[in-house]
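We did not get these values from a lab; they are worked out from the coordinates using the rules stated. Given the structure is predicted, the values throughout are model-derived calculations rather than measurements. Note: ideal-geometry Cβ built from the backbone for every residue, glycine included; neighbour counts use all protein chains shown.
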Amino acid sequence: MLTGKKIVLGVCGSIAAYKAAVLTRLLIKAGAEVQVVMTPDATQFITPLTLATLSKKPVLVNYFTPDTGEWNNHVEMGLWADLLLIAPISANTLGKLANGLCDNLLSAVYLSAKCPVYFAPAMDLDMWKHQATQNNINKLITYGNMLIPPGSGELASGLHGEGRMAEPEEIITFISRQLTQQLPLAGRKVLVTAGPTYEAIDPVRFISNHSSGKMGFAIADEMIKLGAAVTLISGPTAQKANLQAKVINVTSAAEMLQACEEAFPDSDICIMSAAVADYTPVEPHSQKIKKQDSSLNIELKKTTDILKKLGQQKSARQLLVGFALETHNEEQYAAEKLQQKNLDLIVLNSLNDAGAGFKTDTNKVTLIDRSLHKTSFELKAKTEVARDICRKIIELLPA
Ligand code: CTP
């Protein structure tokens, strides 16, 4: 959730400032870009050098750097940030921000910021309980800022109670959870199928196709970025799944059918990008077939059309997306599949387009929805195609 996020980490004068080192480390490790801004008092608790080393950026404290006369532009920083996190925030800074006071760089960045603001208080028990502190906190919340509540425990004063800053790991979890909840597919369960299937002829041979699984894995990845909980049912591929996906590995069309039937009832959205074999040997040989005659016949039977079966089971709250790979009469065949299989959306890729289809990193698709509205896209990286498909799915989602 924090990958690529630009974060201003404000650090105030409190003994909990020592936790800012671990917090900075965790934010950097999570892939965020961190600019630390300290209040002058905070520098008495932890050195700017520590936080500059961990954040890989000079720490800012004043409006200008006295040695160089360089101006630290608070407005620019406020606009640069995707997120302002003040941890720890002292009772003093709480009071300033609640009342619009602006006598140091951090308070000026706060007033200039347009991004979400999170604040994690740290102070002694009685300071925390004081009505003035509570009023300031309530004011900050009514301004739209988010409180990361303090925990209870032994405080620096020796007293025991509320006021301890949340632990750095808890702060990261709190923010990540909040950011996830704001995503368009938060709370949605998505089922994605990907890759080819292998249909056994004998213990050493199988029938398959050239599907690499790249398109389905890119869709699973994009769905996770949009906040969905993803189950990825994959045939044999060399692709690496997003660690947040629940991956179910299958080999044959029959195994994929069983896995899909189990996962489908609990899914809100189902995207079937797997290249499932249409035919499978009637009776796979239990032993390796030895070569004998000049020709060999293997009798094949039709596999179950998983997509069609799910289309028959689909409820009004579920959205079903299929793929069509065609070589001729592309749009007509795709539209027919959409209707016959009771789909909400079909992703058509034509083998006639250079760079589209199996194995490549690119694809060129046309999306056709249930009102037969068509959108054609240029040749793009499969990751971008995944984004286009997901965007369309969000448009089609029942409210
Ligand atoms: N599909 C499926 N189960 C199968 C075969 C295909 O679920 N046994 C799904 C694929 O995952 C894809 C869609 O059906 O989403 C389209 O597959 P495609 O092979 O293009 O179409 P078919 O309906 O099988 O028709 P044809 O092969 O005749 O084009």
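Tabulated data for the structure shown
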item	result
Cα long-axis angle, helix 382-396 against the chain (0 to 90 degrees, to the nearest 10)	80
Segment LEU243-LYS302, length gained on full extension (0.36 nm per residue, minus Cα span)	17.8 nm
Exposure proxy ranking, count of Cβ atoms within 10 Å, fewest first, for THR43, THR68, THR280	THR68, THR43, THR280
Theoretical gain in end-to-end length, ASN99 to ALA316 [0.36 nm per residue, Cα-Cα removed]	73.1 nm
Mean Cβ neighbour count within 10 Å, used as a protection proxy, ranking 376-389, 286-299, 28-41, 199-212 highest first	28-41, 376-389, 199-212, 286-299
Extended-chain gain in nm, criterion 0.36 nm per residue less alpha-carbon gap, ASP266 and ASN62	68.0 nm
Overall dimensions of the range 6-181 by Cα: Rg and Dmax, Å	15.0, 45
Using a Förster distance of 56 Å, the FRET efficiency for ASP293-LEU397 (Cβ separation, nearest 0.05)	0.50
Net charge over other residues, Cβ less than 12 angstrom from the Cβ of LYS57 (K, R count +1; D, E count -1)	+1
DSSP beta bridges in the chain [antiparallel fraction, %, rounded to 5]	35
Ranking of LEU159, LEU106, LEU97, LEU147 by count of other Cβ atoms within 10 Å, fewest first	LEU159, LEU147, LEU97, LEU106
Members of LYS114/LYS225; LYS29/LYS240; LYS225/LYS364; LYS302/LYS380 lying beyond 26 Å, as alpha-carbon distances in this model show	LYS302/LYS380
Percent RCO, i.e. relative contact order, over the chain, from Cα pairs under 8 Å lying at least 6 residues apart	10
